[in-house]
1. Regarding segment 192-204, can at least one residue be identified that is modelled with pLDDT of 90 or more, in contact with a Pro (Cβ under 6 Å, 6 or more places away or on another chain) and not in a strand (DSSP E or B)?
2. Being assigned to a helix (DSSP H, G or I) and not hydrophobic (A, V, I, L, M, F, W, C) is the filter; apply it to segment 215-250 and report the residue that is surrounded by the fewest Cβ atoms within 10 Å (Cβ to Cβ).
3. Could you check, for segment 174-190, whether at least one of its residues is out of contact with any Asp or Glu (no Cβ under 6 Å at 6 or more places or on another chain), polar (S, T, N, Q), assigned to a loop (DSSP other than H, G, I, E, B) and closer than 15 Å to Ile244 by Cβ?
4. In segment 165-190, which residue that is touching a residue at least 60 places away in the same chain (Cβ under 8 Å) and either within 50 Å of the chain's Cα centre (by Cα) or surrounded by 14 or more Cβ atoms within 10 Å (Cβ to Cβ) (or both) is farthest from Ile225 (Cα to Cα)?
5. Could you figure out which of (1) buried (at least 19 other Cβ atoms within 10 Å of the Cβ); (2) polar (S, T, N, Q); (3) within 16 Å of Gly248 (Cα to Cα) isn't true of Thr200?
6. Restricting attention to segment 209-235, which residues are under 17 Å from Leu135 (Cα atoms), of a type outside the set (Lys, Arg) and touching a residue at least 40 places away in the same chain (Cβ under 8 Å)?
7. Can you tell me which residue in segment 222-250 is farthest from Thr200 (Cα to Cα), limited to those that are modelled with pLDDT of 90 or more and among the small types (Gly, Ala, Ser)?
8. Any residue at all in segment 148-159 that is part of a strand (DSSP E or B), farther than 20 Å from Ser245 by Cβ and either of a type in the set (A, V, I, L, M, F, W, C) or out of contact with any Ser or Thr (no Cβ under 8 Å at 6 or more places or on another chain) (or both)?
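The values are calculated or read from the model by the stated rules, or taken from the named source; none is laboratory data. Everything numeric here is computed off the predicted structure, so don't read it as measured data. So basically every Cβ, Gly included, is an ideal-geometry build from the backbone, and we count neighbours across all protein chains shown.
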Amino acid sequence: MSSNQWNQAPAGQGAPQGQPPMGYPGAMPPEKKSKTGLYVGLGCGCLVLLALLIGVIALAVMLMGGDDPKDSGDGGTTTSAAAPAPGQNNGDGDNPAPDPAPNGGGDNPAPNPAPAPNGGGDNPAPAPDGGNSNLPQQVGEYTLGEVATDNVVGADYEAIYTSSTGQINVSGAENPITTIEDEKNMLTLDGSAQEISGWTCGPFYGGASGNESVCVKSTNGTNVIKVIGDADAQTLANFGEQFISAGGAS
């Protein structure tokens, strides 16, 4: 028997008992591939993407918030020193500011002038002795001279108006000691009183010259305005009317 015959099994017979069939080695279980590398790769990729995302966000914030006043280091406000306009002095030590030039008109209005002295009939003059009376500075041709408000017997004020023709004294009282009715009664005792434009006029016997006249009137029924002077009654009554029109009785 040849060697080939010894190596071949008879047809229809299986392999010798206890031995695996020829040509069919024992099947080995498949090896499991390790996924550690995959996990490491995925982790690294996520970290790279996260880093890129953070960088993009930071860059966008810097670009959009570069002019934000909160980025300044002075507590949230950014101030910039304005450059002085041409011809304008910056006021530092080397360039002292010049004195302002007087306003000459044109497009630059003049500053408010200082209050002018009271010189109009409608502008009351303050009492020289510090009183509270408000009297017109000018009444017709008469100019206010002296004013007294303290220690004036029977009146709140007494004023002296002067002109080239003479002098007129005016006194007034809101709550007079002597009522307007009593003043009129005293003037009409001798029958020489006369009514002129609502004024009751007559001789003033208490005058120093002895030939003075007096006119009295009330603008509200209780106050008393008295005008005394060397002028005739008509002149005194006219002066009294101008005095009241200029605000002397208010």
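1. no
2. Filtering segment 215-250 for residues that are assigned to a helix (DSSP H, G or I) and not hydrophobic (A, V, I, L, M, F, W, C), the one surrounded by the fewest Cβ atoms within 10 Å (Cβ to Cβ) comes out as Ser245.
3. No, that holds for no residue.
4. Gln167
5. Single failed check for Thr200: (3).
6. Within segment 209-235, Asn223, Val224, Ile225, Val227, Ile228 meet the criteria.
7. Ala246
8. Checking segment 148-159: at least one residue is part of a strand (DSSP E or B), farther than 20 Å from Ser245 by Cβ and either of a type in the set (A, V, I, L, M, F, W, C) or out of contact with any Ser or Thr (no Cβ under 8 Å at 6 or more places or on another chain) (or both).
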